[in-house]
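The values are calculated or read from the model by the stated rules, or taken from the named source; none is laboratory data. Predicted model only: the values in this text are computed from it and were never measured. Here Cβ is always computed from backbone atoms with ideal geometry, including for glycine, and neighbour counts include all displayed protein chains. In case anyone asks, the SASA skips ligands and DNA or RNA and just uses the protein heavy atoms, side chains included. Shrake-Rupley method; radii C 1.70, N 1.55, O 1.52, S 1.80 Å.
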Amino acid sequence: EGLHYVAATSGNPVAPYASWATAATNIQDAVDVAAPGATVFVTNGTYAAGGRTTPSPGDGVTNRVAVDKPLTVRSVNGPGVTVIQGQMPGVTNGYMRCVYLTNAATLVGFTLTNGVAGVGAGVYCESTSAVLSNCVLSGNSATNGSGGGAYGGTLNNCTLTGNSASWGGGGAESCALNNCALT
């Protein structure tokens, strides 16, 4: 019961998305039905639909995926084929962060790209107890603050490339980085 599935091309999404045959088509739907401690498995695709505004960090940013309880969200085949996209190409106004992670939430094996927010455009984490592993954070922009790629979390074996911030931490701000590459 603690497993949920997401496939962008699912033809029969039925909550609680407990099998590939009834997988959700967007990550947020599966996160919303999952209980604390559950795992959400996500298969190949670009996830650029849906969104949820979170009260923190108080900038009114919509997040493509908001993990507001301690869950693990894990890609099946890794960041090369599993993408969470903030803004759509060509969109230049407004904010759309890729991911928000609350305390003790984990994200494994995604590319986070085109996130735009005041702080933490690729990912905003409530604390270093929120963990990203084996992720690629690329082309994210903190337009009114810091942490273009990431703000506040623990990043393990991640690649941060081509992220920017208006001040402080174009790649990462207030994060713990373990075996990460920043360019």
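If you restrict to DSSP beta bridges whose two residues both lie in the chain, what percentage is antiparallel, to the nearest 5? Before the final figure, lay out the partial values.
Values: 3 of 53 bridges.
Close to 5 percent.
For a bin width of 5 Å, list the pair-distance distribution of the stretch 1-51 built from all Cα-Cα distances, rounded to whole %.
Percent of pairs per bin, in order: 5, 28, 34, 23, 9, 1.
On the protein heavy atoms, probe 1.4 angstrom, tell me the percent of accessible surface of the chain carried by carbon and sulfur.
Details: 3630 of 7160 Å².
Roughly 51 percent of what the probe reaches on the chain is carbon or sulfur.
Explain nothing, just compute: Karplus ³J(HN,Hα) = 6.51 cos²θ - 1.76 cosθ + 1.60, θ = phi - 60°, for every residue of the stretch 118-130 in order, whole Hz, x for Gly and Pro.
Coupling constants for the stretch 118-130: x, 9, x, 6, x, 8, 10, 10, 5, 6, 6, 7, 8 Hz.
Sort 100-113, 31-44, 8-21 by the packing proxy (mean of other Cβ within 10 Å over each peptide's residues), most packed first. All intermediate terms of the calculation are to be shown ahead of the outcome.
Numbers: 100-113: 23.4, 31-44: 17.8, 8-21: 14.4.
Listed from highest to lowest mean packing, they are 100-113, 31-44, 8-21.
Please report, to one decimal in angstroms, the Kirkwood hydrodynamic radius of the stretch 33-183 built from all distinct Cα-Cα pairs.
Details: mean 1/r = 0.0696 Å⁻¹.
Computed over the stretch 33-183, the radius equals 14.4 Å.
Roughly speaking, what is the centre-to-centre gap between the stretch 68-100 and the stretch 113-146 when only Cα atoms are used, to the nearest Å?
Rounded to whole Å, the Cα centres lie 10 Å apart.
With contacts defined as alpha carbon pairs under 8 Å and 6 or more residues apart, what's the relative contact order of the stretch 12-142 in percent? If you can, show how the numbers build up before the last one.
Details: 351 pairs, mean separation 26.3, N = 131.
Worked out over the stretch 12-142, it gives 20 percent.
In debye to the nearest 20, how big a dipole does the chain give about its Cα centre with +1 on each Lys and Arg Cβ and -1 on each Asp and Glu Cβ?
Numbers: 5 positive and 7 negative charges, 37 e Å.
Its charge dipole is roughly 180 debye.
Can you compute the charge dipole magnitude of the stretch 8-83 about its Cα centre, using +1 on each Lys and Arg Cβ and -1 on each Asp and Glu Cβ, nothing else charged? Give it in debye, rounded to the nearest 20.
Working: 4 positive and 4 negative charges, 24 e Å.
Using only the charged Cβ atoms, the result is roughly 120 debye.
Tell me, what is the Rg over Rh of the stretch 1-106, with Rh the Kirkwood radius over Cα pairs?
Details: Rg = 13.3 Å, Rh = 13.9 Å.
Rounded to two decimals, Rg/Rh equals 0.96.
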